[in-house]
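The values are calculated or read from the model by the stated rules, or taken from the named source; none is laboratory data. For clarity, every value in this text was computed on a predicted model and none was experimentally measured. Using ideal geometry, Cβ is built from the backbone for each residue, glycine included, and neighbour counts are taken over all protein chains shown.
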Amino acid sequence: MAKVTLPDGSTLEIAEGSTAQQVAEQIGAGLAKAAVAARIDGKLVDLAMQVADRSRVEIVTPKDKEGVNVMRHSCAHVMAEAICSLWPQTKLVYGPTVEDGFYYDIDLDEPIRPDDFARIELRMREIVEADQPIVRREMSRRQALEELKGDKYKTDNIERAEGDVISFYSHGNGFRDLCRGPHVPSTGKVGSFKIMSIAGAYWHGDPTQKMLQRVYGTSWPTKKDLDEYLNRLEEAKRRDHRVLGRQLDLFSFSEMGPGFAFMHPKGMVLWNEIVDFMRQLNGKYGYKEIRTPIILNEELWHRSGHWDHYKENMYFCEIDQVGYAVKPMNCPGGCLLYKTNKHSYRELPLRLAEFGMVHRHEASGVMHGLFRVRQFTQDDAHIYCMPAQIEAEIIGVINLIFETYRAFGFEDFNVELSTKPESHIGSDEIWETATNALKAALQHKQIPFKINEGDGAFYGPKIDFHIKDCLKRSWQLGTIQLDFSMPQRFELAYTAEDNTEKTPVMIHRAVLGSMERFMGILIEQYAGALPLWLSPEQVRVLTISEKTNDYATVVQHKLSDAGLRCGIDLSDEKVGAKIAKSHGERIPYMLVVGPKETESSAVSVRIRGLQDGRTVSVDEFLARARQKIADKTADPAF
């Protein structure tokens, strides 16, 4: 007999040579039925893997993210078999999992078209229903190269593989492919699936190579999960900020400036509401606002470290035969501003905020509306403090970040701590001190966090804040970066209590990140139906006939004078058409005025998205609307 340790710390006696599947069966029939893979001593493996004595064993099911990925990886193989059976001349290249699905790159001279997807899915269902065992076979690198001699794609994959043991997986009527694994035990356990799209892809991304076909699919544990995912995709299309931006006249792009957004008047209302809110919050948390130049001498970027670590993302120009760079970040300019005065320990912490416009080079293929642009504005800030103040300052920033997200309607947050990257400045000792300080602040706030190894900024570790929107999509917004190196490079100093010169610590902080990106996220979060306080037009007065035009104008002026963004529709259209148009333009409140409302100095309130109306006095409407704006209420219900 042998003993293994389970995730809850208990031990289980098993027969010598037992597989992970047999361990699952010994634990319980329900777990064995749900199992798709296992972790043995932390390594993800097939259920057919034998378990050694004193191993730590965890059975992986579709409830685990890794379990879903194993299912998707296996579903990719099922799709590959289906394609090969329908097009026998297919050469398989590579088939990994991706977010929410998988793809396979294939070399096939005949194009696969969307009309073919149903045929592929039908063949896949036949393979799944056959519930064929998926079998792993291992051989040496030399044997694998000999066996696949002549297949340039698989030979290349073998040569790139790590280690000397090469594994293959086979199932069905002779289907086999080179693969690291693990896989589900049989084709019947790949879940519910759908072929999503087809695209071109160069081998290894090299445009000198042949264009391959990349077939994308998605797989989920159940049909219900798949349907929910497909519904989310449809809902995402409905909420696409690029479409809504045009429909609601918020912003646009021009071929004269790819990646550079043009903000329209209505878009600027939303922009300014966001900025005004952040300015008020900055004031509450003790920040002073600054502004630094967009173009600065190349020498500055050598000193900051950006030249060595960020040059490929920057734009350059020449003025009076001297090299300059367009800033990709605001921090070096902030350091120059700090140096314009002498500072005492009594002034610290010094919190300086900047809505700084930056430019970064993005490849044309990755730009995506407001989400990925070449020019954007950061709600940036830099805190200069003494080492003893670090933890308190980071806690203050965390409080500010959470207060901001909740005001905009986001309650679901995830936090990551990113550590030293391979390309960095500063000593290992400095990095360890900075990383421990960030950990201490998160632990003090009792915030759960995930370690993201090697993904820190080149000048320091960072805390990244992710929000989830109404479609459960994750967005990385805020960041806190702790930097000991840049203050040293710029020779920043303050006079300490003992009258000696010391170097301050610099905390880089952004809450929303890119203003443009956050604006796009807000548009999609609310499907264009923004909360009252953010809506470019908050109220629109609608007349039933021209007889009430004068009264409608009086109402509009009264609301506008009280600070509401109020429009008016005096057109000859019927009031039903005016209401429908206002609903389409996502106006929160429509105030219908006819003879009865005119006589009683009232308005009939129609609420965005609702059919019924309610008649109230103008003063009552104004009081309630102003309260909702002050409370930043998302629900327009009156």
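Tabulated values for the structure
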item: Residue match in region 236-245 (condition: closer than 23 Å to G409 by Cβ, among the acidic types (D, E) and assigned to a helix (DSSP H, G or I)); result: no
item: Number of positions in region 305-338 that are closer than 24 Å to T377 by Cβ and of a type in the set (D, E, K, R); result: 3
item: Any chance F117 is in a helix (DSSP H, G or I), in contact with a strand residue (DSSP E or B) (Cβ under 7 Å, 6 or more places away or on another chain), at pLDDT 95 or above and of a type outside the set (S, T, Y); result: yes
item: Selected residue [of a type outside the set (D, E) and more than 23 Å from V135 (Cβ to Cβ)] from V78, V98, V57, V93; result: V98
item: Criterion: aromatic (F, W, Y), assigned by TED's automatic domain parsing to the domain that holds A80, in contact with a helix residue (DSSP H, G or I) (Cβ under 7 Å, 6 or more places away or on another chain) and modelled with pLDDT of 90 or more - qualifying residue of Y153, Y104; result: Y104
item: Every residue from region 492-533 that is in contact with a Pro (Cβ under 7 Å, 6 or more places away or on another chain) and assigned to a loop (DSSP other than H, G, I, E, B); result: L492, T503, P504, L532
item: Strands (runs of 3 or more DSSP E) fully within region 1-94 counting 1 or more residues that are under 33 Å from the mean Cα position of the chain (by Cα); result: 37-40, 43-45, 57-60, 91-94
item: Qualifying positions in region 375-399 - closer than 30 Å to N272 by Cβ and either part of a strand (DSSP E or B) or touching a Pro at 6+ places or on another chain (Cβ under 8 Å) (or both); result: Q375, F376, T377, Q378, D379, D380, A381, H382, I383, Y384, E393
item: Filter result for I158 (among the aliphatic types (A, V, I, L, M), over 25 Å from K33 (Cα atoms) and at pLDDT 95 or above); result: no
item: Qualifying residue in region 479-491 (condition: part of a strand (DSSP E or B) and over 21 Å from R303 (Cα atoms)); result: yes
item: Residue in region 162-176 that is under 27 Å from Q89 (Cα atoms), assigned to a helix (DSSP H, G or I) and β-branched (V, I, T) present; result: no
item: Among (1) exposed (fewer than 13 other Cβ atoms within 10 Å of the Cβ); (2) assigned to a helix (DSSP H, G or I); (3) under 28 Å from the mean Cα position of the chain (by Cα) - the single one G267 does not satisfy; result: (1)
item: Unique residue being within 30 Å of A407 (Cα to Cα), surrounded by fewer than 16 Cβ atoms within 10 Å (Cβ to Cβ) and either outside the structural domain of H264 (by TED's automatic domain parsing) or in contact with a Ser or Thr (Cβ under 8 Å, 6 or more places away or on another chain) (or both) when the list is D572, D550, D561; result: D561
item: Among residues of region 616-635, those that are loosely packed, with under 15 Cβ neighbours inside 10 Å and part of a strand (DSSP E or B), counted; result: 1
item: Residue list for region 136-166, filter: over 35 Å from the mean Cα position of the chain (by Cα) and in contact (Cβ under 8 Å) with a residue 60 or more places away in the chain; result: R136, D151
item: Test set (1) surrounded by fewer than 16 Cβ atoms within 10 Å (Cβ to Cβ); (2) in contact with an Asp or Glu (Cβ under 8 Å, 6 or more places away or on another chain) - P293 fails condition number; result: (2)
item: D498 more than 29 Å from G267 (Cβ to Cβ) and out of contact with any helix residue (DSSP H, G or I) (no Cβ under 8 Å at 6 or more places or on another chain); result: yes
item: Residues (over 13 Å from R586 (Cβ atoms) and in a helix (DSSP H, G or I)) located in region 246-260; result: R246
item: K472 touching a helix residue (DSSP H, G or I) at 6+ places or on another chain (Cβ under 8 Å), in a loop (DSSP other than H, G, I, E, B) and either exposed (fewer than 14 other Cβ atoms within 10 Å of the Cβ) or modelled with pLDDT of 90 or more (or both); result: yes
item: Answer from L477, L534 - the residue that is modelled with pLDDT under 95, buried (at least 18 other Cβ atoms within 10 Å of the Cβ) and of a type in the set (A, V, I, L, M); result: L477
item: Those residues of region 120-161 which are surrounded by fewer than 14 Cβ atoms within 10 Å (Cβ to Cβ) and assigned to a loop (DSSP other than H, G, I, E, B), in sequence order; result: D131, K149, G150
item: Scope region 324-346; condition in contact (Cβ under 8 Å) with a residue 24 or more places away in the chain and of a type in the set (V, I, T); matching residues; result: V326
item: Within region 57-84, considering residues that are more than 16 Å from I106 (Cα to Cα) and hydrophobic (A, V, I, L, M, F, W, C), the one surrounded by the most Cβ atoms within 10 Å (Cβ to Cβ); result: V70
item: Region 597-634, subset of a type outside the set (A, V, I, L, M, F, W, C) and without any contact (Cβ under 8 Å) to a residue 12 or more places away in the chain, residue farthest from A577 (Cα to Cα); result: D631
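Here is a yes/no grid of residues against (1) surrounded by fewer than 14 Cβ atoms within 10 Å (Cβ to Cβ); (2) within 28 Å of the chain's Cα centre (by Cα):
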site: E273; (1), (2): no, yes
site: D308; (1), (2): yes, yes
site: E318; (1), (2): yes, no
site: V326; (1), (2): no, yes
site: N330; (1), (2): no, yes
site: K342; (1), (2): yes, no
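Okay, residues lined up against (1) of a type outside the set (F, W, Y); (2) within 18 Å of H306 (Cα to Cα); (3) within 16 Å of the chain's Cα centre (by Cα):
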| residue | (1), (2), (3) |
| --- | --- |
| I447 | yes, no, no |
| N452 | yes, no, yes |
| F458 | no, yes, no |
| F484 | no, yes, no |
| Y494 | no, no, no |
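Residue by residue, here is whether (1) crowded, with 19+ Cβ neighbours inside 10 Å; (2) in contact (Cβ under 8 Å) with a residue 60 or more places away in the chain; (3) charged (D, E, K, R) holds:
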residue	(1), (2), (3)
L348	yes, yes, no
E354	yes, yes, yes
A363	no, no, no
I394	yes, yes, no
F408	yes, yes, no
P421	no, no, no
